[in-house]
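Below you'll find the structure, written out as structure tokens, and then a few comments.
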Amino acid sequence: MAEQLTYKDAGVNIDAGNYSVKLIKDSVRATYRPEVLGDLGGFGGLFALNSGKYQEPVLVSGTDGVGTKLRLAFLLNKHDTIGQDAVAMCVNDILVQGAEPLFFLDYLAVGQLDPEQVAAVVKGVAGACQESGCALIGGETAEMAGFYPVGEYDIAGFCVGVVEKSQIITSARVQEGDVLLGLPSSGVHSNGYSLVRKIVFEKQGLKGDEYIEELGKTIGEELLTPTRLYPKTCLPLVQNFDIHGMAHITGGGFYDNIPRTLPEDMAVEIDANAWAMPPIFRLLQQWGNVDWHEMYRTFNMGVGMVIITSPEEAEQIKAYLGKQGETVYTIGRVVRGQHDVTIKGGVFDA
């Protein structure tokens with residue numbers, strides 16, 4: 001009798017997939033907002049927009065992945081924080097246009113389905129959704145035998161938010177003399193990890209478990225610190241202050257991201273002395289002998305979100321955030337120019 005093959009023989013375990021769903025159900029349900037209809041397991045996620053809350057609601061969408069930071073998760077076998085990175089990269093992006101994140105979907109592709117590993121990743125996604133105020137209403141876990149190595153995976157996220165049409169933040173609001181406020185990052189976030197890995201693991205020969213005195217933790221712990229979620233801090237600012245522009249400092253650093261929120265005839269001047277650069281960035285620069293311009297074009301250097309507003313509003317925002325226990329820096333100003341960024345002070349004056 002000829003051998004009878006099953007899907008499991010080809011590397012896809014449907015039972016493991018069903019068990020993964022069972023493990024994550026409670027985490028996913030904990031993210032639901034009142035607008036969510038139905039439950040886990042449908043072919044599509046249903047979300048009833050509260051149209052009475054808005055006069056002219058505009059949906060804002062974003063998608064992103066985690067990039068090669070995943071290599072750190074594989075190396076250290078730690079998967080409970082990477083989901084926050086996937087959420088943060090999306091919700092922070094739509095936030096800069098003034099949008100409140102409503103719902104999120106994730107796509108997880110694995111080489112071989114490990115239910116506990118999947119549950120750890122998705123619980124990280126769910127926790128970040130809760131903190132950001134958005135519902136995790138769907139997703140896909142694809143077991144792709146032979147495509148990804150066993151134990152490895154890729155994750156991408158998709159977020160939809162809403163903003164009142166009259167309150168959309170665009171470059172048209174930015175004016176000469178405006179002030180740039182910076183909110184601290186939680187570390188390297190999720191950009192530049194191809195360079196990070198080349199410096200740390202190839203050039204320095206580190207393994208990930210080495211304790212680094214300047215960091216107060218292992219290099220692996222530092223580099224796996226999840227991307228900060230900014231909605232809870234920034235949405236009240238969008239709703240209560242006159243925000244002229246916002247920039248999420250991701251890939252491209254200061255030089256590529258800040259101009260995205262500027263009119264063509266405006267530029268910004270940044271004072272690098274305005275905040276204390278976290279030690280990880282100085283270590284990366286020294287270990288890799290990286291030019292400082294390259295550092296500020298690749299990494300957030302300790303500032304993950306930039307807010308542009310008038311000098312008067314800036315002082316009010318700083319007072320408001322101070323009462324919330326938040327740290328905020330005045331890092332620069334808007335000037336007439338060629339749609340570019342000039343950084344002065346600190347290492348640039350050395």
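Observations on the model:
- The C-beta contact set for the range 26-52 (first residue free of Cβ contacts under 8 Å to residues at least 12 places away in the same chain, second residue in a loop (DSSP other than H, G, I, E, B) and of a type in the set (A, V, I, L, M, F, W, C), distance under 6 angstrom, 6+ apart or interchain) comprises LEU37/ALA48.
- Flag if GLY62 is within 24 Å of PRO184 (Cα to Cα) and not basic (Lys, Arg): yes
- Residue in the range 47-60 that is open to solvent by less than 20 Å² (accessible area, probe 1.4 Å), of a type in the set (Gly, Ala, Ser) and farther than 29 Å from SER171 by Cβ present: no
- For GLN239: the one exception among (1) in contact with a Ser or Thr (Cβ under 8 Å, 6 or more places away or on another chain); (2) open to solvent by 30 Å² or more (accessible area, probe 1.4 Å); (3) among the polar types (S, T, N, Q): (1)
- Some residue of the range 336-348 being surrounded by fewer than 20 Cβ atoms within 10 Å (Cβ to Cβ), among the hydrophobic types (A, V, I, L, M, F, W, C) and either closer than 15 Å to VAL188 by Cα or modelled with pLDDT of 95 or more (or both): no
- Options GLY220, GLY288, GLY251; residue that is at negative phi and at pLDDT below 95: GLY251
- Flag if GLY220 is within 24 Å of GLY111 (Cβ to Cβ), in a strand (DSSP E or B), under 22 Å from the mean Cα position of the chain (by Cα) and among the small types (Gly, Ala, Ser): no
- Whichever residue in the range 71-97 is touching an Asp or Glu at 6+ places or on another chain (Cβ under 7 Å) and hydrophobic (A, V, I, L, M, F, W, C) and, among such residues, is surrounded by the most Cβ atoms within 10 Å (Cβ to Cβ): ALA86
- Test for GLY332: is it open to solvent by less than 30 Å² (accessible area, probe 1.4 Å) and modelled with pLDDT under 95: no
The values are calculated or read from the model by the stated rules, or taken from the named source; none is laboratory data. Here the structure is a predicted model, which means the values were calculated and not measured. Here Cβ is always computed from backbone atoms with ideal geometry, including for glycine, and neighbour counts include all displayed protein chains. Just so you know, the surface numbers come from the protein's heavy atoms only, side chains and all, with ligands and any DNA or RNA stripped out. Shrake-Rupley method; radii C 1.70, N 1.55, O 1.52, S 1.80 Å.
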